[in-house]
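The values are calculated or read from the model by the stated rules, or taken from the named source; none is laboratory data. Predicted, not measured: the structure shown is a model, and the values here were computed from it. Every residue, glycine among them, receives a Cβ derived from its backbone with ideal geometry; neighbour counts consider all protein chains shown. Ligands, DNA and RNA are excluded from the accessible area calculation, which covers all protein heavy atoms including side chains. Shrake-Rupley method; radii C 1.70, N 1.55, O 1.52, S 1.80 Å.
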Amino acid sequence: MSKYQNNEVTPVAHQSRTAELVLGIIGGIFGIILAMTIGGIGSALETSGSAGVSNLGVGCIIVSVLAIILSVMINRNHVLMGWLIILCGILNFVFVSFFGILSGLLIVIAGGLALRK
């Protein structure tokens, strides 16, 4: 007996990754806004350590933009993109520490959701 009875092909269910997309984009936008705020405060203070704060802000912006891009490409390879998004969320924590909790947490949750089947 054939697995294609009566010439019918069963469709493969395509899982929507809307939650990962939305959380990744929102987390990335919060990260960009946060990094611009912290970088601006560091530059306004113009103390001896403000260059380091500005550089960490630039790093946070880059990681946040990368998280947004990876979130948009989540349907290509959700496992690889999930791990890369989690890495972006962790780097967000590292760059802006306590201030990056909201954006980093949203990005890490988006990456974790991407790892599910």
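Summary table
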quantity: Check on GLY82, modelled with pLDDT of 90 or more and either under 15 Å from ILE32 (Cβ atoms) or open to solvent by less than 50 Å² (accessible area, probe 1.4 Å) (or both); calculated: yes
quantity: Residue within segment 51-63 that is at pLDDT 90 or above, open to solvent by 70 Å² or more (accessible area, probe 1.4 Å), in contact with a Leu (Cβ under 8 Å, 6 or more places away or on another chain) and part of a helix (DSSP H, G or I) present; calculated: no
quantity: Scope segment 85-106; condition hydrophobic (A, V, I, L, M, F, W, C), within 15 Å of ALA35 (Cα to Cα) and surrounded by 17 or more Cβ atoms within 10 Å (Cβ to Cβ); matching residues; calculated: CYS88, LEU91, PHE93, PHE95, VAL96, PHE99
